[in-house]
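Bear in mind that the values in this text are calculations on the coordinates, not laboratory data. From a predicted model like this one, the values you see are computed outputs, not experimental measurements. Positions of Cβ are backbone-derived with ideal geometry, glycine not excepted, and every protein chain shown enters the neighbour counts.
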Amino acid sequence: MTFYNKNLQYRVTLNTDLNLFIVFDKDNANRVATGVTIEQAVQELKKSL
């Protein structure tokens, strides 16, 4: 799924082995962040901008 957060577009997956959400920048798949919650993962992705 692709989500929109103001100017940030991202995809979210759930790693069920690690119980982590993985967020990928829609425009650059090399920018990735993880978190226990989707919100946490998105915040980590924003930090990498």
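Assuming 0.890 mPa s and 25 °C, estimate D for segment 4-49 with Stokes-Einstein, Rh taken as the Kirkwood radius over Cα pairs, in µm²/s. Intermediate results must be reported in sequence, preceding the final value.
Working: Rh = 10.3 Å.
Calculated translational D: 238 µm²/s.
At 222 nm, what value in deg cm²/dmol follows for the chain if DSSP H runs of at least 4 each add -39500 (n - 2.57) and the sum is divided by all its residues, to the nearest 500? Each step should come with its number before you reach the end.
Values: 1 runs with 10 residues, N = 49.
For the chain, the value works out to -6000 deg cm²/dmol.
What distance in nm separates the two pseudo spin-label positions at ASN7 and LEU49, each 7 Å out from Cα along the beta-carbon direction?
So the two model labels end up 0.6 nm from each other.
Helix 38-47 against the longest principal axis of the chain: what's the angle in degrees, Cα atoms only, rounded to the nearest 10?
50 degrees
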